[in-house]
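> Dumping the structure here so I can ask a few things about it.
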Amino acid sequence: MELFVNVILLSFLLAIALAIVRMKDLFAVIMLAGIYGLLSASFFVVVDAVDVAITEAAVGAGVFTLLMLVATVMAGRYEQGARHKPLLALAVVFITGSLLIYGSLDMPAFGYGPAPDHQHVDSHYINESMSEVGVPNIVTAVLASYRGFDTLGELLVIFTAGVAVMALLSTLYDSHSNLGTGPENKWLYEQQMPIRLVVKILIPFIMLFAFYIQFHGDYGPGGGFQAGLILASAIILYAMLFGIRTAKQVISPRFYQCLSAFGILLYGGVGVVALLNGEHFLDYSVLFTDPLAGQHVGIVLVELGIGCTVFSTMILIFLNFYERKNNQLDGCQ
Amino acid sequence: MDTVISVASLLCLLLGSFLCLSGGVGILRFPDFYTRMHAVGVTDTLASAMILMGLMLQGAEANVVIKLIIILLMTLFINPTASYALAKAAMYSGLKPLLNMQKSKRG
């Protein structure tokens with residue numbers, strides 16, 4: 001039965017990928033990409049990777065779609081025809097792809113028991129994490145404690161992406177950006193009344209859910225990455241329906257910038273505190289007298305840092321894309 | 001009592017699946033955008049409600065049932081709003097509904 005569901009989901013994914021390749025209408029491509037994200041999330045649920053599934057649903061079907069929609073508003077809806085023969089690119093892709101497939105031939109099969117990672121690391125995590133870290137969700141234990149340094153790297157990647165977008169596109173502090181809610185809000189008020197009402201009801205629940213995922217990450221699926229994305233999508237929803245200026249008045253872009261840096265600093269700071277207490281970087285056992293309580297405090301703080309940075313970086317990217325488009329329009333007129 | 005509940009759950013699930021299918025057929029067969037949206041919007045909301053009710057009748061634990069009720073409420077809020085937004089966007093960008101009068105006039 002599970003095989004049947006897997007085959008159907010994977011063939012849907014393949015069909016959608018082929019449709020994305022063939023389409024020229026970028027709007028349709030983005031919608032298909034959103035469906036692709038949702039289907040891969042369902043696939044991850046079927047293979048019991050619930051944490052990954054939540055992330056994929058929040059990124060692939062949620063924030064990614066929104067960011068890409070704003071990007072197409074900026075860049076135009078239709079794909080332009082090829083300016084040169086794609087043969088060279090095709091050859092490069094083909095060679096790289098076949099090398100990757102060739103490389104994967106050496107890897108052990110999926111779920112193959114005697115493979116090295118199932119022999120040593122896996123059994124250690126599964127058998128010892130409860131006594132070493134004391135967090136029921138092993139994924140969180142691995143992500144935030146055993147592999148804390150890797151996660152710090154991932155968070156830095158997201159932060160760097162936000163900084164790069166700001167460096168390239170930032171126009172957040174233009175003179176006319178603080179002129180009140182403006183005509184945009186009035187138009188939205190007149191045209192989108194029912195949607196605004198429903199969204200107003202839903203936003204608190206979305207935020208509540210985000211906080212649930214954030215603080216329940218030690219016990220169930222979830223954590224900082226997912227919570228940050230869900231919270232960011234709530235704010236983006238608000239900005240889309242109540243006008244970007246209203247959203248900027250509610251929480252100013254400066255706050256997002258500070259929060260984005262604060263998350264990384266919190267994460268690194270926890271590591272430095274552990275270092276100063278005479279342990280390894282990001283070894284949380286020394287944060288409290290009881291090592292297990294120390295681990296728990298460390299994981300909560302680190303997840304909080306992740307949540308802050310992911311949340312504010314996503315919103316900064318969205319705001320920068322949107323403002324860029326507005327400025328382009330102003331430039332045309 | 002157990003048999004009654006499981007039969008009711010089965011009926012709900014079957015009806016939900018049938019409505020899902022009929023919504024899918026509607027997308028393919030109906031003539032223009034608005035009728036297609038009607039097919040999906042109406043049947044999808046009822047279908048997901050039916051399937052969730054069927055699952056609720058099967059779920060023994062209270063927290064599962066509460067989660068399903070929350071999902072049901074969310075779908076009841078979101079699905080009609082999404083349909084409304086779609087129709088509004090189509091209307092706003094100038095897509096006229098296919099009317100029977102126009103057809104007979106042309107014919």
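Computed from the coordinates by the stated procedures, all read-outs in this text should not be read as laboratory data. The structure displayed is predicted, hence computed values, not measured ones. Don't worry about glycine lacking a Cβ; one is built from the backbone with ideal geometry, like all the others, and counts go over all protein chains shown.
> If we count other beta carbons within 10 Å of each Cβ, what is the order of A:Tyr78, A:Tyr267, fewest first?
The order, fewest Cβ neighbours first, is A:Tyr78, A:Tyr267.
> Further, regarding this structure: Work from the charge dipole of chain A (Cβ charges, +1 for Lys and Arg, -1 for Asp and Glu, about the Cα centre) and give the residue of A:Gln249, A:Gly162, A:Gly224 farthest towards its positive end.
A:Gln249
> Assign one of three labels to region A:135-333, namely rounded, prolate or oblate, based on the Cα gyration tensor with a ≥ b ≥ c the square roots of its eigenvalues; rounded applies when a/c is under 1.5, prolate when it is not and a/b is larger than b/c, and oblate otherwise. Could you put the intermediate results ahead of the total?
On the way: a/c = 3.25, a/b = 1.88, b/c = 1.72.
Prolate is the answer for region A:135-333, as a/c is 1.5 or above and a/b outweighs b/c.
> Kindly write out, for region A:51-59 in residue order, the coupling ³J(HN,Hα) from the Karplus curve 6.51 cos²θ - 1.76 cosθ + 1.60 (θ = phi - 60°), rounded to whole Hz, with x marking Gly and Pro.
Going residue by residue, I get 4, 4, 5, 5, 4, 5, 5, 6, 7 Hz, with x marking Gly and Pro.
> Could you give the size of the charge dipole of chain A about its Cα centre, using +1 on the Cβ of each K and R and -1 on the Cβ of each D and E, expressed in debye and rounded to the nearest 20?
Values: 14 positive and 23 negative charges, 351 e Å.
So the dipole magnitude of chain A works out to roughly 1680 debye.
> Oh, and also: Among A:Val199, A:Tyr238, A:Tyr78, which residue has its Cα furthest toward the positive end of the charge dipole of the protein assembly as shown, with +1 on Lys/Arg Cβ and -1 on Asp/Glu Cβ?
So the residue we want is A:Tyr78.
> While we're looking at this one, here's another question. Run lengths n ≥ 4 of DSSP H only: what is the helix-derived mean residue ellipticity at 222 nm for chain B, with -39500 (n - 2.57) per run over all residues, to the nearest 500? Could the numbers behind the result be given before it?
On the way: 4 runs with 92 residues, N = 107.
Mean residue ellipticity, 222 nm, calculated: -30000 deg cm²/dmol.
> Can you sort A:Asp290, A:Asp122 so the residue with the fewest Cβ neighbours within 10 Å comes first?
A:Asp290, A:Asp122
> Let me ask you something else. As a footprinting exposure proxy, order A:Thr96, A:Thr309 by other Cβ within 10 Å, with the fewest listed first.
A:Thr96, A:Thr309
> Given the -39500 (n - 2.57) contribution per DSSP H run of 4+ residues, what per-residue ellipticity at 222 nm results for chain A, rounded to the nearest 500 deg cm²/dmol? Walk me through the intermediate numbers first.
Working: 14 runs with 242 residues, N = 333.
The helix contribution divided over chain A gives -24500 deg cm²/dmol.
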